[in-house]
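Engineer: Provided herewith is a single structure, encoded as structure tokens, for subsequent inquiry.
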Amino acid sequence: MRTHCAILIVALLAAAGCRTAEKVVQPSNFRNWTPEQAVLPYAEFDGNRVTVHNVRNCQYFADDTYLVDYYDKSFDVAAIRGVDFLMVPFEGMPSLAHTMLSFELVGPDGQPQYVAVSVETRKEKDETYAAWKGSARQYELMYVVADERDVIKQRSNFRHEDVYLYNTTATPDVAQKLFVDVMGRVNELASRPEFYDTITNNCTTNIVRHIDRVRPNRISYDLRMLLPGLSDKLAYDQGLLVPYGTFEQTKQRAYVNPLAERYADRQDFSQLIRRR
């Protein structure tokens, strides 16, 4: 067994190259990161009050041209009243996808506000994503906490990827517990970095774990958990999404690209893309 493990490690190092040998051994929060992933978020709680630091708010001019900005956001956890599920299928590989969460809360003016969370590979400058690298300890894992306009417009308006936004059936109480659990993981990664893994430690598996901790056994095991591009159908079948007719009708309604492009420059972007 040890011989087999040694052979596997040597093979991974050979594939990755000697330069990354140290990286394969130990994850780190200190590398030459891409600008939009250089700053980690973290959350501070004072009773039921939370301040989320380093909420990303990139202004994009093209997919690879952007102005990075951050802000801190403070609110009462009790203001959270729901959570939406976002899915972005990979072009040419619809069974694979990137998944995200977006928490809805009531702002001081009574209007809805949104805080998005995207679990991603944290890439170094000049580094690109490849699935095999994701299983060869080549990327750290990071949680991007962002203004919703950032993570949606980046994908729909500049990468021209299909973005689906689903309303979930989570009650305010469940959404609040889920948010607290997610922020706990955000703080954990800020102090103890981890490697991303394409199969076991990715965007969707982390979301499933958060739900399991808040609502144990709420999600029945299904092979579709290994195929994030099918996660919306899985969530629909298990009653996690608000149905608007059949799944096909619900998915069609969830498609936000036309609205995201139409209302790209509006301050009330998040409210307008939900008027479907």
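We did not get these values from a lab; they are worked out from the coordinates using the rules stated. None of these values were measured; they are calculated from a predicted model. Methodologically, a virtual Cβ is constructed for each residue, glycine included, from the backbone with ideal geometry; neighbour enumeration extends over all protein chains shown.
Engineer: Using the Cβ atoms and a cut-off under 13 Å, what net charge is assigned to the surroundings of N54, where Lys and Arg are +1 and Asp and Glu are -1?
Structural biologist: Taking every Cβ under 13 Å from that of N54, the sum is -4.
Engineer: Across the Cα atoms of the stretch 34-166, what radius of gyration and what greatest pairwise Cα-Cα distance (Dmax) are found, in Å?
Structural biologist: 15.6, 48
Engineer: Here's another thing I want to ask about it. Got a sec? How would H53, H210, H160 order by Cβ neighbour count within 10 Å, fewest to most?
Structural biologist: In increasing order of surrounding Cβ atoms, one gets H160, H53, H210.
Engineer: Put +1 on the Cβ of each Lys and Arg and -1 on the Cβ of each Asp and Glu in the chain; which of M225, P35, I80 then has its Cα farthest toward the positive end of the dipole?
Structural biologist: Positive-most Cα among the choices belongs to M225.
Engineer: So for the stretch 27-272, Kirkwood radius off the Cα pairs, Stokes-Einstein at 4 °C and 1.567 mPa s: how many µm² s⁻¹?
Structural biologist: Stokes-Einstein gives a translational diffusion coefficient of 71 µm²/s.
Engineer: Just need the relative contact order of the chain here, percent rounded to a whole number, with Cα pairs under 8 Å and 6+ apart.
Structural biologist: 20
Engineer: The chain: longest stretch without exposed chymotrypsin sites (Phe, Trp or Tyr not before Pro) (DSSP loop, at most 12 other Cβ within 10 Å), sites themselves excluded?
Structural biologist: Value returned for the longest uninterrupted segment is 31-220.
Engineer: Follow-up question, since we're still on this one. With a 10 Å Cβ neighbour count serving as the proxy for reagent exposure, in which order, fewest first, do I211, I273 appear?
Structural biologist: The most exposed by this proxy come first: I211, I273.
Engineer: May I pose another question? Using only helices, what value at 222 nm comes out for the chain when you add -39,500 (n - 2.57) per DSSP H run of length 4 or more and divide by the total residues, to the nearest 500 deg cm²/dmol?
Structural biologist: After summing the helix terms and dividing by residue count, I get -9000 deg cm²/dmol.
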